[in-house]
Amino acid sequence: MEIAFHFFVASLFVLPFAAVAAQRSRMARAVVTTAFFVVLVAGAIVAARGFWAGEAAVWDLSAFAPFPFALALDRLSAFFLLLICVVAAPVTLFSGPYVERHYGGAPRTWLWALLPLFLGSMVVVVTASTAFAFLFGWELMTLFSAGLILVDGDSDERRHNLFIYLLMMHAGAAAVVAAFLLFLPGAPGLGFGAMRAAGSAMSPVMKNALFLLAFIGFGAKAGLIPLHLWLPRAHPMAPSPVSALMSGVMLKTAIYGFVRIAFDLLGGGAPWWGYVVLAAGAVSGVLGVLYAIAEHDLKRLLAYHSVENIGIIYLGLGAALLFLAHGAPTWATLALLGALLHTLNHAVFKSLLFLGAGAIGHSTHTLDIEELGGLQKLMPVTGAAFLIGCCSIVGLPLFNGFVSEWMIFRSFLAGSTLADPASVLLPMMTGVLALIGGLAAACFAKVYGVAFLGRPRSAEAEHAVEVPLPMRGAMAILAAFCVVIGVAPAIVLNPLAAAIQTFVPGTPLLHEQLRFAHVLPWIAVAVAALMLLTMFARTAVRLTATWACGLPKLDSRMQYTSTAFSKPLRTVFAQVYRPTRVVEVTPAGETYFPTAISYRSARTTSYERLLYRPALNVIVAGAHILRRLQTGNIQIYLLYIFLALLALMLGMRFA
Amino acid sequence: MGLVHFAAEKTLASSAVLLFITVLMMAAARRISTCIMLFAAQCAIITAQILAMAYVHRSPEAYAIAGFMLVIKVLTIPYALSWIVEKLKAPRDVTASTTPAQSVFIVSALILLSFFAIGPYMQVLRVDEDVLAAAITLVLTGAFLMVSRTKALMQVIGLLVLENGIFLAALVTTFGMPLIIEIGVLFDLLMGVFLMGLFVFRIRDTFDHLDVSKLRKLRG
Amino acid sequence: MTAAISILQALLLIVAAPLVRGTIARLKAILQNRRGASVWRPYADLLKLFRKEDLVPTTASSVFRVAPRAVFAATVAAVLFVPVLHAAAALSLAGDFIILVYLLALARFFLMLGAMDGGSSFGGMGASREALVSTLAEAPFLLSITAVAIVAREMSLSGIARWSLAQDPSRISAVHVLAFAALALVAIAETGRIPVDNPTTHLELTMIHEAMVLEYSGPSLAWIEWASSVKLSLVLALLVALFMPWGMMASPSALGMALAIAAFLLKFVLLAAVVAVGESSIAKLRMYLVPDFLGVASALAILAVVFTAVMR
């Protein structure tokens, strides 16, 4: 087991060399891709053994590094490693034909070299058992993902977005580094075991500071509002398989980090932690999906939905923190179960949706859903897989999103047994989560309905063809996971509960709380039986034209567009969007016989206006003031050094 | 007698809830006639409350007050207001500056605020917490109606609801004011309503509308 | 024995659903001074539709024919959670009302997809409006049942029904009144009744639910119509089970069963009458006033949840 773990991690860092070596021959590239896929499957098996059987593995590389650097596979790490491998394997399968078709020469080589490195850095992050290893992997993740984004080109606008991405990732990383450094007095080597012991002995002030730093640092990486500025800019820019990995897997490493610090190393804390996390989750969930509804670029829409789902995960984490603070570890376990299962579910269905977007882009060369339509008939497998992804992300029963959302709901209901005000706030969150679910259903009915159903809205969509077999296979694998976890979640729930029990002490979950997992298969059976019964009552079918009120023919322009579909919701939530509308009529004099009318509508994002601009202005103003220190006069600089010497002497005297 | 006792008990237990319902419905109401009917219902509930308390405390004065309440506030004033609405032939909608949903949210917040505000006084006053909160809610809702509804008639109704609240608060904390003062207040109200009715016709005849927000031009 | 009764009550709701619709239509007709069709008319409609052939637009994909069956399957699966004759449903667990609400959401999702598959403006319009109404109705739906569940300290529908049966009917509880008001408003929105949507309109611009099913015919339409009737009786049964369950039998017995069925019929006829009177006396709301209507429901539901702590 240990050897397999070492082999897996090492091969992820060796494969890039193989990719560079094999760049000329197509056959060699196919071999490298297959090897990559096999390595990921091997990683999944290692993780599965760690997750289901509880086998541990360690790899200590401190001899080769300036600071203690060790990897260890405990149950929580095994869960996240499983998540990474289970998602990355189908994505690799998908990338084979996708990259072959869309990239050539140097970009292709870079892509195949950076992908294993990117995955390797994520593996290092989730299996790190010292702070140095964690941060090493953390920074590498940002670096390699930036490289992968650059593979797609570097126009001015892309560079601007990439700059924002790198900036915010570094700011977040700074907060995380500060958080880890706060453990220093108690744990000199910054190994997780020592940090755990130090965390339980820490003063409440230190714990609060640590929590805030970890929350902000990991929140920036996860994409909580208002720190999500980079998400809708960075994720759509990358190639589709890379977007799938970034949205599906990279965001989850932030969740891993937060859970590791807040629950494992600190062991929970004051109730206000829970309130802060709940508030952040609620705001991210609602605003994320509201911004998604107004989008019609498929990848930007999916990026905003990632923000929404991170919000849902944080809702579960907040509830767990509240339960821990009030001394109800059993319900905390349930809430954590829901949150962590949602990370797995989101990884699976989000990557499925991004791969679907890649398939659509592959076939129709456009990702604007206003130009699509009628793709279900032309791309049946892609359409079916995308539909399963849509049902999962909306959280409909019999798909995996529902299982985790139900558990978070159930923990909110249990919150009514706590003291005030948690006894009212937690059930109120039921309403927030229901609103998020309703908005997500509206958004994905729009996406699937406009893109896949109805008539094609452009020539590209009319001539779409189904994608090659490996791409279809990858999507089918992910879709199968969605359905399996949705119908029989007990497979994953029991080991996950055991994993959570390793750091949340308390009695194991009551059988009653997990009874849900046993009722779901019955519901699935009932629904499936009814479907079969009704579908097999075969009746005559006649093909006709759509009812057009007596008009001779309907064309695709008479269908509802995505903007039209979302209009009622955008009107109701206009306070969030604050749209600006500009209507220009030419010629301006003649009102009844214009030659052209142009209508432009844009949304304003309030967080940019209310939060970032003022903060930027304050920082720039402060910088202006500080510039006065730079006089250019050498003697003034010597004076500064002299003053510093004086201050040191006085400081030592009074210390 | 057992039935009467049962009825009195049930009335005292549920009057607060029923008052909250009328207040919420008044916030969501769209027509003036609905508001008038809800006001009459409110007064009926308060009358029932007085009767129940009269039965429990065995006070004949209270029966008299209940009688006057019934005649003046449950029957006469609502009838007079409906007569005014009909004679005015004005549009019957409640022109409000907040939508029904926003009004219901605000009134819900007012209800919670009332409960929150009377919390510290509960040890001192030995009264039913719910009914006192209902009284304060009525006062606040009356004020809110006066602020947010721009029709002159709705201002009258807002004032009447506010007075209802004060009356109920006095009833619950000190078991009512002396009989003479009660009767005086009630007749004052009656005269006030008739005067306001006259003025409403005057305003309508002079300005051709009843929109209070447009009366700003009266400043010098 | 209890399992048999539970299955029986589910079948009762499914089979009697068109009758509820027919009763409401008949009562509305009487109120509007017409004779009206017989209360068994919806059954005749369903039989007629099942015998016809399915007309499918040429542009539609397989989703078009799968959607009505999925709608019916999901709605019927939701029926398994509601107690009707006795305070135990066929399937019950803590938090089952969440499964019920989301099964209805599944049905609605597929209905919206089927509507968009027709490729006409009406389908998109119906789906877009339905998206608006259902988004805003989900939160008060869950919150009002949550409030009742918190007061009853029981998190399953059967548990709440059991608790309500043991309560004193003459005591008015603020939480229950507020939750009932919120749930009644949500019921109107969910089942597409006046003032949210007119189930008998012919004008496409006023349709929400009807616009979504405009393309359907034959057995597909029959499944959808039956599913919407089942949803109506499901929501009514939910209101009865949560707020006025008296009459349900405590232990299986022939007399208890007769009493339970009689109580069920009486309560449903009463609720049908209330719906009919309401529909005949209120005008349909303009579509952009519906969010306000549901906003009132949300405010009442939130107040109900807060009151569980205030008036403890």
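The values are calculated or read from the model by the stated rules, or taken from the named source; none is laboratory data. Please read these numbers as outputs of a predicted model, since none were measured by experiment. Reconstructed Cβ throughout: ideal geometry from the backbone, glycine too, with neighbour counts over all protein chains shown.
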Taking the condition within 30 Å of A:Ala526 (Cα to Cα) and either surrounded by fewer than 24 Cβ atoms within 10 Å (Cβ to Cβ) or in contact with a helix residue (DSSP H, G or I) (Cβ under 9 Å, 6 or more places away or on another chain) (or both), does A:Ser423 pass? no
Subset of the stretch A:1-46 that is part of a helix (DSSP H, G or I) and basic (Lys, Arg) - its residue that is farthest from A:Val249 (Cα to Cα): A:Arg26
For the stretch A:521-551, give me the residue count where each residue is polar (S, T, N, Q) and loosely packed, with under 15 Cβ neighbours inside 10 Å. 2
Which residues, taken from the stretch A:317-339, are under 16 Å from the mean Cα position of the chain (by Cα) and either farther than 27 Å from A:Val447 by Cα or in a loop (DSSP other than H, G, I, E, B) (or both)? A:Leu317
Please state which one of A:Gly223, A:Gly274, A:Gly248, A:Gly217 is on the phi > 0 side of the Ramachandran plot and buried (at least 24 other Cβ atoms within 10 Å of the Cβ). A:Gly223
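Check every one of the helices (runs of 4 or more DSSP H) wholly within the stretch C:33-150 and list those with 1 or more residues that are within 8 Å of chain A (Cβ to nearest Cβ), touching a Ser or Thr at 6+ places or on another chain (Cβ under 7 Å) and under 21 Å from C:Trp223 (Cα atoms).
Working: elements: C:41-51, C:63-79, C:96-117.
So the answer is C:63-79, C:96-117.
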Which ones in the stretch A:521-548 are at pLDDT 80 or above and more than 7 Å from chain C (Cβ to nearest Cβ)? A:Pro521, A:Ala524, A:Val525, A:Ala528, A:Ala529, A:Leu532, A:Leu533
Quickly run through the stretch A:614-638 and pick out the residues that are surrounded by 10 or more Cβ atoms within 10 Å (Cβ to Cβ) and either part of a loop (DSSP other than H, G, I, E, B) or modelled with pLDDT under 85 (or both). A:Thr631, A:Ile636, A:Tyr637, A:Leu638
For helices (runs of 4 or more DSSP H) lying entirely in the stretch B:1-102, having 3 or more residues that are away from chain C (no Cβ under 14 Å) picks out B:32-57, B:60-69, B:77-88
Quick check on A:Val259: is it over 28 Å from A:Ala442 (Cα atoms), within 17 Å of the chain's Cα centre (by Cα) and at pLDDT below 95? yes
Give the stretch A:352-384 a look and list any residue that's in contact (Cβ under 8 Å) with a residue 60 or more places away in the chain, part of a helix (DSSP H, G or I) and either over 25 Å from A:Gly401 (Cα atoms) or among the polar types (S, T, N, Q) (or both), or say none. A:Gly361, A:His362, A:Ser363, A:Thr364, A:Glu370, A:Glu371, A:Gln376, A:Leu378, A:Thr382
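Conditions tested, residue by residue: (1) among the hydroxyl-bearing types (Ser, Thr, Tyr); (2) touching a strand residue (DSSP E or B) at 6+ places or on another chain (Cβ under 8 Å); (3) modelled with pLDDT under 90.
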| position | (1), (2), (3) |
| --- | --- |
| A:Ile360 | no, no, no |
| A:Leu367 | no, yes, no |
| A:Gln376 | no, no, no |
| A:Ala385 | no, no, no |
| A:Gly389 | no, no, no |
| A:Glu405 | no, no, no |
| A:Phe412 | no, no, no |
| A:Pro421 | no, no, yes |
What's the number of the only condition in (1) surrounded by fewer than 21 Cβ atoms within 10 Å (Cβ to Cβ); (2) in contact with a strand residue (DSSP E or B) (Cβ under 9 Å, 6 or more places away or on another chain) that C:Val15 fails to meet? (2)
A:Lys553 vs (1) more than 30 Å from A:Leu337 (Cβ to Cβ); (2) at the interface with chain C (Cβ under 7 Å from one of its Cβ atoms): all pass except (2)
Please pick out the residue among B:Val107, B:Val161 that is crowded, with 23+ Cβ neighbours inside 10 Å and within 14 Å of another protein chain (Cβ to nearest Cβ). B:Val107
So which residues in the stretch A:408-460 are of a type in the set (D, E, K, R) and in a helix (DSSP H, G or I)? A:Arg410, A:Lys446, A:Glu460
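Can you name the residue in the stretch A:556-565 that is in contact (Cβ under 8 Å) with a residue 40 or more places away in the chain and within 7 Å of chain C (Cβ to nearest Cβ) and is also surrounded by the most Cβ atoms within 10 Å (Cβ to Cβ) among such residues?
A:Phe565
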Criterion (within 26 Å of B:Ala13 (Cα to Cα) and either more than 14 Å from chain B (Cβ to nearest Cβ) or outside any loop (DSSP other than H, G, I, E, B) (or both)) met by exactly one of C:Leu205, C:Leu214, C:Leu221, C:Leu183: C:Leu183
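Is it the case, given these coordinates, that A:Gly311 is in contact (Cβ under 8 Å) with a residue 12 or more places away in the chain, in a helix (DSSP H, G or I) and over 15 Å from the mean Cα position of the chain (by Cα)?
No; evaluated as a whole, the condition is false for this residue.
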Restricting to the stretch A:3-55, count the residues that are crowded, with 17+ Cβ neighbours inside 10 Å, free of Cβ contacts under 8 Å to residues at least 60 places away in the same chain and basic (Lys, Arg). 1
Just for the stretch A:412-466: of the residues that are more than 8 Å from chain C (Cβ to nearest Cβ) and among the polar types (S, T, N, Q), which one is farthest from A:Phe565 (Cα to Cα)? A:Thr417
Of the numbered conditions (1) in contact (Cβ under 8 Å) with a residue 40 or more places away in the chain; (2) surrounded by 11 or more Cβ atoms within 10 Å (Cβ to Cβ); (3) within 14 Å of another protein chain (Cβ to nearest Cβ); (4) not hydrophobic (A, V, I, L, M, F, W, C), A:Gln501 fails exactly one; give the number of that condition. (3)
Looking at C:Ala237, C:Ala260, C:Ala227, which is the one that is part of a helix (DSSP H, G or I) and over 30 Å from C:Thr200 (Cα atoms)? C:Ala260
